[in-house]
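Report on one structure; see the data block that follows.
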Amino acid sequence: MNEKLKSVIYPEKKHQIFLYLTLSGVLSGLCMAFPTLLGAAIEWLVFIPAALALHCASKKGCSLKQAFSGGFWLIYSQNVIVYHWFVSFYPLEFTGMSKLGAAGVVIVAVFGLPILAAIFGGVLGMIAACVSQLRISNKYPIFLPFVYASAYVLCEWIRTQFWFGVPWGRLSLGQLTEGVPYSVLSSSIFGTYFVTFLIVLVSCLIAQALIVGKFKLRVILSMALVISNLLCGVIIASIPRETKSTVKIAAIQANINSRDKWN
C-alpha cells in the first residue's frame with residue numbers, strides 16, 4: 001500500500017485523530033443544521049473519518065480516558081454547529097441586557113451547552129473502544145459497524161431525555177431536503193433513529209472496507225442499505241392518500257417588539 005494512502009487510512013498521530021474526529025463532527029453538524037440535497041448525500045459518508053480514527057486508536061490500545069475524550073470531542077464539535085442558531089438571538093433585546101452581556105450569554109450558549117451533550121459522546125467512545133478490543137471483534141469484525149451504529153443511536157436517544165438534548169440535533173433531519181425526501185420517509189414506519197442507525201452504519205462499513213481491504217462484502221452491503229432505504233421511501237411516497245376535505249390556514253406574525261412579547 002502507498003505510504004501516503006496508508007497514512008490517510010491509518011491516522012496514527014494524535015493530531016491526525018483529532019482532525020478526523022473534528023471533520024466528522026463538523027460535517028455531520030452542518031448536514032443537520034443546513035439540510036440540502038448535497039448535504040443529504042454527504043451525510044451517509046461523514047463518519048468515515050471518525051470510524052478510521054476509532055479503529056486506529058483501538059488497535060493502539062487506547063485507554064478509557066482517551067476513548068472518552070475522542071467521543072466527547074466528536075459530539076462536541078457536532079453540537080457547536082447545531083447550537084449556532086443562538087447567534088441569531090443577539091443582542092437579546094427582550095432581556096434588557098447590555099450588548100456585552102448579551103454577547104457573553106450567546107457565547108456560553110453556543111460553546112457551553114454542547115458540553116452537556118458531549119458527555120454522552122464520551123460514553124459512546126468508551127463503549128466503542130471496549131467492544132473493539134474484545135476477542136470476538138477480531139474474529140468477526142463485520143459486526144463492529146453495527147455495534148458502533150447502535151452505540152451512536154443510544155447516545156442520540158439518551159440526549160433527548162434531557163432539556164439540552166435538542167430535537168433538531170438528530171442525523172435523520174439532515175435528510176429533509178426540498179421536494180420529496182425519500183431517504184427519510186422510512187422513519188414513518190421505523191422511526192427517526194432507524195435512519196440515524198443506517199447513516200452511521202454505512203459510514204462505518206465503508207471505513208472498515210478501507211481498513212480491512214475486503215471491499216466487496218462491505219461496499220455491497222452499504223449500497224444495498226442506501227438503495228433499500230430509498231426504495232422504501234419511494235414506495236411510501238407513492239401510496240395514495242385519501243383526503244375528504246381541505247382546510248386553508250393562514251398564520252400572520254404580528255409586528256410586536258420581542259421585549260413586549262416576553263413581558
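The values are calculated or read from the model by the stated rules, or taken from the named source; none is laboratory data. Note that the structure is predicted; figures quoted are calculated from it, not measured. Quick reminder, even Gly has a Cβ in these numbers, built from the backbone with ideal geometry, and neighbours come from all protein chains shown. With ligands, DNA and RNA removed, areas are computed over all heavy atoms of the protein, side chains included. Shrake-Rupley method; radii C 1.70, N 1.55, O 1.52, S 1.80 Å.
Quick notes on this structure:
- Taking the criterion of being within 13 Å of the chain's Cα centre (by Cα) and either outside any helix (DSSP H, G or I) or of a type outside the set (A, V, I, L, M) (or both), the residues of segment 167-193 that qualify are P167, W168, G169, R170, S172, G174, Q175, T192, Y193.
- Of all residues making up segment 61-97, the number that are outside any helix (DSSP H, G or I) and closer than 15 Å to F18 by Cα: 1
- Residue check for L144: among the aliphatic types (A, V, I, L, M), open to solvent by less than 60 Å² (accessible area, probe 1.4 Å) and within 25 Å of P35 (Cβ to Cβ): no
Residue-wise test of (1) free of Cβ contacts under 8 Å to residues at least 60 places away in the same chain; (2) hydrophobic (A, V, I, L, M, F, W, C).
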| site | (1), (2) |
| --- | --- |
| V46 | no, yes |
| H55 | no, no |
| C62 | no, yes |
| N79 | no, no |
| E93 | no, no |
| S98 | yes, no |
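- In segment 1-20, residue modelled with the highest pLDDT [restricted to those that are assigned to a helix (DSSP H, G or I) and under 10 Å from L52 (Cβ atoms)]: Y20
- Against the test of being out of contact with any helix residue (DSSP H, G or I) (no Cβ under 7 Å at 6 or more places or on another chain), open to solvent by 70 Å² or more (accessible area, probe 1.4 Å), at pLDDT 80 or above and not aliphatic (A, V, I, L, M), the options K65, K59 yield a single qualifying residue, K65.
- Odd one out for C155 among (1) free of Cβ contacts under 8 Å to residues at least 60 places away in the same chain; (2) not in a loop (DSSP other than H, G, I, E, B): (1)
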